[in-house]
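The values are calculated or read from the model by the stated rules, or taken from the named source; none is laboratory data. All values derive from a computational prediction rather than experimental measurement. Ideal geometry is used to build each Cβ from the backbone, glycine not excepted, and the neighbour counts take in all protein chains shown. These area figures cover heavy atoms from the full protein model, side chains too; ligands, DNA and RNA do not enter into them. Shrake-Rupley method; radii C 1.70, N 1.55, O 1.52, S 1.80 Å.
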Amino acid sequence: MSATEEETQSSVHTPVLLHEVITFLNPQPGDFIIDGTVDGGGHAAAIAERIGSGGTLLGLDWDEQLLERTRARFASQKNVKLMHGNYAELPEVLATENNLNRTDRSLADGLLIDLGFSSEQLEASGRGFSFGEARANEPLLMTYDDSRTPVWQILREEDEKSLANIIYEFGGERMSRQIAKAIKDHGRKHPIMTAGELADVVRETLPGKYEHGRIDPATRTFQAFRIYANGELENLTTLLKNLSDMVKPGGRVAIISFHSAEDGIVKRAFQSLAKETKIEIITKKPVEGTREEIRENPRSRSAKIRAAKII
Ligand SMILES: C[S@@+](CC[C@H](N)C(=O)[O-])C[C@H]1O[C@@H](n2cnc3c(N)ncnc32)[C@H](O)[C@@H]1O
């Protein structure tokens with residue numbers, strides 16, 4: 001997530017770096033491609049068109065509610081299979097899943113991961129992802145899946161020091177200690193249960209001229225709790241460790257990230273896998289959106305894609 005995403009209030013999620021995804025994954029008719037973060041299916045639709053009726057697109061998402069709408073979108077497309085789950089568990093899914101209608105249960109020709117959350121989740125999930133006024137009354141869950149501990153409970157159960165660490169580590173927020181203290185002080189009088197309550201506590205704690213008004217003071221704190229609550233960096237690390245259990249030799253992997261912690265994990269994992277001659281890096285540097293894309297889809301402003309080929 002990024003300030004950019006929070007600022008973007010379009011209700012339809014436009015896939016980012018679509019041209020680059022197609023170029024790097026290079027899906028061919030008959031291919032088996034996995035979209036590990038299928039969401040509303042923006043990238044998936046373009047991939048499904050290229051692999052044709054003889055191919056299979058396996059789309060996975062951790063957000064069951066959202067997946068229901070995606071199922072309706074692809075109901076008539078036999079080459080698209082949608083499943084609820086965590087992409088970190090994809091090797092197990094591939095090993096056990098018999099419903100893919102594939103005789104060989106093969107590894108994929110390509111894997112796409114588009115990290116973070118979508119415009120739909122921000123605006124229509126009712127799960128408290130947004131610090132905007134319009135969604136201030138939403139319960140402070142910020143989880144994609146109900147198996148995770150909601151943020152309101154994290155705020156209650158973790159001590160002040162641990163909250164400060166979360167806000168600093170996953171949000172890069174320099175005022176983390178002050179915010180953690182304010183959360184705990186407020187919580188003793190009135191537990192924080194909604195997105196608006198957390199946003200207000202942060203705003204009241206930070207100086208008026210925070211970041212020269214460039215971003216909402218709650219931006220980094222919201223990012224931190226969303227990443228922590230969903231174990232986002234752990235999921236990414238697990239995925240990167242197991243690439244060869246999902247993608248066949250010669251197959252391609254493309255990962256889109258939205259902030260430096262995610263991109264750093266992808267960069268380091270790719271470097272060490274390349275050293276072990278397990279992958280060949282396709283993108284020496286991360287590729288960003290063109291000026292035109294950024295103008296048309298502000299969410300792409302902080303997006304970076306890295307791609308590799310499995311050896
Ligand atoms: C940025 S959106 C993907 C948008 C999609 N590529 C498109 O163009 O429509 C990210 C999606 O990843 C899902 N997600 C986040 N963490 C996940 C995980 N560990 N496993 C599966 N899906 C996850 C979110 O629920 C969200 O739907």
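Values for this structure:
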| item | result |
| --- | --- |
| The lone exception for Ile34 - which of (1) part of a strand (DSSP E or B); (2) open to solvent by 20 Å² or more (accessible area, probe 1.4 Å) it fails | (2) |
| Arg268 vs. criteria of a type in the set (D, E, K, R), away from the ligand (no atom under 16 Å from the Cβ), open to solvent by 20 Å² or more (accessible area, probe 1.4 Å) and over 18 Å from the mean Cα position of the chain (by Cα) | yes |
| Matching option when the condition is surrounded by 21 or more Cβ atoms within 10 Å (Cβ to Cβ), assigned to a helix (DSSP H, G or I), within 19 Å of the chain's Cα centre (by Cα) and within 8 Å of the ligand (Cβ to nearest atom), among His43, His13 | His43 |
| Filter pass, Asp200 being open to solvent by 60 Å² or more (accessible area, probe 1.4 Å) and not in a helix (DSSP H, G or I) | no |
| Looking only at the stretch 113-130, and only at residues there that are open to solvent by less than 20 Å² (accessible area, probe 1.4 Å), in a loop (DSSP other than H, G, I, E, B) and within 25 Å of Ala180 (Cα to Cα), the one that is nearest to the ligand (Cβ to nearest atom) | Phe117 |
| Residues of the stretch 271-303 satisfying the condition of being hydroxyl-bearing (Ser, Thr, Tyr), surrounded by 15 or more Cβ atoms within 10 Å (Cβ to Cβ) and modelled with pLDDT of 95 or more | Thr283 |
| Any hit, the stretch 72-94, residues being more than 24 Å from Arg188 (Cα to Cα), in a helix (DSSP H, G or I) and among the β-branched types (Val, Ile, Thr) | yes |
| Residue check for His19: part of a helix (DSSP H, G or I), within 15 Å of the ligand (Cβ to nearest atom), within 23 Å of Ala307 (Cα to Cα) and open to solvent by less than 20 Å² (accessible area, probe 1.4 Å) | no |
| Residue within the stretch 137-148 that is open to solvent by 60 Å² or more (accessible area, probe 1.4 Å), touching an Asp or Glu at 6+ places or on another chain (Cβ under 9 Å) and within 16 Å of the ligand (Cβ to nearest atom) present | yes |
| Selection within the stretch 17-53 - hydrophobic (A, V, I, L, M, F, W, C), touching a residue at least 40 places away in the same chain (Cβ under 8 Å) and touching an Asp or Glu at 6+ places or on another chain (Cβ under 7 Å) | Phe32, Ile33, Val38, Ile47 |
| Residue count, the stretch 225-237 (criterion: among the hydroxyl-bearing types (Ser, Thr, Tyr) and either within 9 Å of the ligand (Cβ to nearest atom) or free of Cβ contacts under 8 Å to residues at least 40 places away in the same chain (or both)) | 1 |
| Lone unmet requirement of (1) open to solvent by less than 20 Å² (accessible area, probe 1.4 Å); (2) within 12 Å of the ligand (Cβ to nearest atom) for Gly110 | (2) |
| Matching residues in the stretch 149-178 - criterion: being within 16 Å of the ligand (Cβ to nearest atom) and either more than 14 Å from Ala224 (Cα to Cα) or in contact with a Cys (Cβ under 9 Å, 6 or more places away or on another chain) (or both) | Thr149 |
| Residue match in the stretch 28-37 (condition: farther than 18 Å from Ile255 by Cβ and either at pLDDT below 95 or within 9 Å of the ligand (Cβ to nearest atom) (or both)) | no |
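Yes/no per residue for (1) crowded, with 23+ Cβ neighbours inside 10 Å; (2) under 18 Å from Glu169 (Cβ atoms):
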{"position": "Pro207", "(1), (2)": "no, no"}
{"position": "Glu211", "(1), (2)": "no, no"}
{"position": "Asp216", "(1), (2)": "no, no"}
{"position": "Arg226", "(1), (2)": "yes, yes"}
{"position": "Glu232", "(1), (2)": "no, yes"}
{"position": "Lys241", "(1), (2)": "no, no"}
{"position": "Asp245", "(1), (2)": "no, no"}
{"position": "Val253", "(1), (2)": "yes, no"}
